[in-house]
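Asks: Below you'll find the structure I mean.
The values are calculated or read from the model by the stated rules, or taken from the named source; none is laboratory data. Because the structure is a prediction, the values reported are computed rather than measured. Note: ideal-geometry Cβ built from the backbone for every residue, glycine included; neighbour counts use all protein chains shown. These area figures cover heavy atoms from the full protein model, side chains too; ligands, DNA and RNA do not enter into them. Shrake-Rupley method; radii C 1.70, N 1.55, O 1.52, S 1.80 Å.
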Amino acid sequence: MASATASKPSKKTPMKFNLRLSQRIILSFVLLTGIVSGLFAVGLITTIDFVEENLVTNELQKDFSRLLEDYRKGRELRLDEGEAFFPAGPDLPEYLCAIPEGYTEIVLKESDSAYHVFHQVEGTTSYFLVKDQTDFEKAEILLKRVVGGGFVLSVVASLVIGVVMVRQVIAPMRKLTEQVALREDLQSVPPSLASEYADDEVGALAKAFDATFIGLHQALVREALFTSDVSHELRTPLMVIQSTCEVLAAGKELDDHSRQKIEAIRRAVKDIKSLIEAFLALARGKDNQTETATLKAVVQEEFPNWERMAMRKGNRLLLLEETGSPAQREPLYPAVLLRTVMDNLVRNAVYHTAGGDIFLALKTGGFEVRDTGSGIAADEMQKVFQPYYRGPDSPREGLGLGLSLVQRICEREHWTVALEQNQPRGCCFRVNLA
């Protein structure tokens, strides 16, 4: 027995009119004027028609009663100018044959004439009082045209006035927008914006921008001082450690085990210095790097360290190089940033692989890091680049910042990093340096 499931009605997205503020103000102004003037014009024309019908009906009814009495008594009919009195008969004009009782207005297009007719039945005979209203009808048509023209003119005038008013009202906002958009240098104290505007809504907005810019300037000053202090204070002890390692390594009484430990300390110092340079570059938002290197040069320098790190985990690190054109000149990249990206990706592959193979493939304009580790679930692939994110199989060491740092460096240098599933298992990080 099949069961039907009722589907929930989809919510309709409300329509949005993508009009500028100035256009919305003008449109509102024109609509308001059009509605008011339109109601006035319709009310005026309706009032004219209502008054005309009632006044003419009363007047014709009075004249009809008087003329009917004179007609029955055989007296001479006292007709006003433009009036005619007809009893039903062969002399009745054709246009009166189908006229209903009461008041009727007739317009004869062929003769361009207009008449007001009052029809009343007395006994078995119909009587018609006709009054020529051609001149009045022309004047009425002219009046209606004047009212309609006034409506159109009022709408056009409101459009023109609205454009002029909007330019005056929006001008300070446009000026403020341009000043804010052009203000890029926040390292120096920003000049005040509010002093150029009146104490109104735009002035209040300018004060808010001033407060925001001052806060940003102070934050940038604190950040610059902090990064400078960090750079100076960290480099000093690192230089001491590095020089001490060099002095110890120069001693002849050290055994091989001690020399390996000292070399490990020296490499750790170098890694810390590279990280400091990378963090400072990201924090300052500008490139102060002077050291550049090719992709192959970075790999040749760091590959022995990566290989030893992989061997300690029981893995095998393999280098694959794509042969390019011999005449093609290899591009240069910021050495510290490129080394940081590659080091984090290789370390990530080593951490998530146990007793497997890791491939570092050098491509034209980029590289790939593939592993045969546990892999990453499809629903977690978009999360691995988030700061502090650690998957369920991540090692305990580390804070989950390595891949986030990789993505931020790639965004800064306009590189791209992508994560894919490696076949038959594992992950593949593809970096495009072009």
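Asks: Considering every residue within the range 114-123, establish whether at least one is free of Cβ contacts under 8 Å to residues at least 24 places away in the same chain and among the charged types (D, E, K, R).
Replies: no
Asks: Taking the condition of being open to solvent by less than 90 Å² (accessible area, probe 1.4 Å) and either in a helix (DSSP H, G or I) or small (Gly, Ala, Ser) (or both), how many residues in the range 410-434 meet it?
Replies: Of the residues in that region, 4 qualify.
Asks: Please specify each residue of the range 410-434 satisfying the condition of being at pLDDT 90 or above and aliphatic (A, V, I, L, M).
Replies: Those that are at pLDDT 90 or above and aliphatic (A, V, I, L, M): VAL417, ALA418, LEU419, VAL431, LEU433.
Asks: Would you point out the residue of the range 223-247, among those that are within 23 Å of MET309 (Cβ to Cβ) and hydrophobic (A, V, I, L, M, F, W, C), that is modelled with the lowest pLDDT?
Replies: Residues of the range 223-247 within 23 Å of MET309 (Cβ to Cβ): 238, 241-242, 245-246.
Remaining after also requiring hydrophobic (A, V, I, L, M, F, W, C): 238, 241, 245.
Numbers: LEU238: 79, ILE241: 83, CYS245: 82.
Across the range 223-247, the extreme among qualifying residues is LEU238.
Asks: Here's another thing I want to ask about it. Residue check, LYS252 against (1) in a helix (DSSP H, G or I); (2) exposed (fewer than 13 other Cβ atoms within 10 Å of the Cβ), all met but one. Which one?
Replies: The single condition LYS252 does not satisfy is (1).
Asks: Quick check on my filter: what residues within the range 59-84 are closer than 15 Å to PHE118 by Cα and hydrophobic (A, V, I, L, M, F, W, C)?
Replies: Matches in the range 59-84: LEU60, PHE64, LEU67, LEU68, LEU79, ALA84.
Asks: Something else about it: What are the residues in the range 351-397 that are open to solvent by 20 Å² or more (accessible area, probe 1.4 Å), at pLDDT 85 or above, within 15 Å of ARG425 (Cβ to Cβ) and part of a loop (DSSP other than H, G, I, E, B), if any?
Replies: Result: HIS352, ALA354, GLY355, THR372.
Asks: Also, I was wondering about something else. Output the residues belonging to the range 255-283 that are hydrophobic (A, V, I, L, M, F, W, C) and open to solvent by 70 Å² or more (accessible area, probe 1.4 Å).
Replies: If the condition is that a residue be hydrophobic (A, V, I, L, M, F, W, C) and open to solvent by 70 Å² or more (accessible area, probe 1.4 Å), then ILE265, ILE272, PHE279 are the ones that fit.
Asks: What do you reckon, is ILE35 over 44 Å from the mean Cα position of the chain (by Cα), modelled with pLDDT of 85 or more and in a helix (DSSP H, G or I)?
Replies: no
Asks: A further question on this structure: Suppose we keep only residues that are farther than 20 Å from GLU140 by Cα, assigned to a strand (DSSP E or B) and small (Gly, Ala, Ser) within the range 99-128. Which one would you say is farthest from the chain's Cα centre (by Cα)?
Replies: Step by step, filter the range 99-128, then rank; the result is SER126.
Asks: Right, here's the next one. Taking the condition assigned to a helix (DSSP H, G or I) and either farther than 30 Å from GLU81 by Cβ or open to solvent by 30 Å² or more (accessible area, probe 1.4 Å) (or both), does VAL164 pass?
Replies: Taking the combined requirement at face value, the residue satisfies it.
Asks: Quick test for you: out of GLU83, GLU101, pick the one residue that is modelled with pLDDT of 85 or more and open to solvent by 80 Å² or more (accessible area, probe 1.4 Å).
Replies: Among GLU83, GLU101, only GLU101 is modelled with pLDDT of 85 or more and open to solvent by 80 Å² or more (accessible area, probe 1.4 Å).
Asks: I want to confirm something. Restricting to the range 50-80 and keeping residues that are open to solvent by 50 Å² or more (accessible area, probe 1.4 Å) and in contact (Cβ under 8 Å) with a residue 24 or more places away in the chain, which single residue is nearest to the chain's Cα centre (by Cα)?
Replies: The extreme case among them is GLU53.
Asks: Output the qualifying pairs, or none if there are none: Cβ atoms under 8 angstrom, residues six or more apart or on different chains, first residue in the range 373-389 and under 18 Å from GLU411 (Cβ atoms), second residue of a type in the set (Lys, Arg) and open to solvent by 50 Å² or more (accessible area, probe 1.4 Å).
Replies: Close Cβ pairs (under 8 Å, with a partner that is of a type in the set (Lys, Arg) and open to solvent by 50 Å² or more (accessible area, probe 1.4 Å)) amount to TYR389/LYS383.
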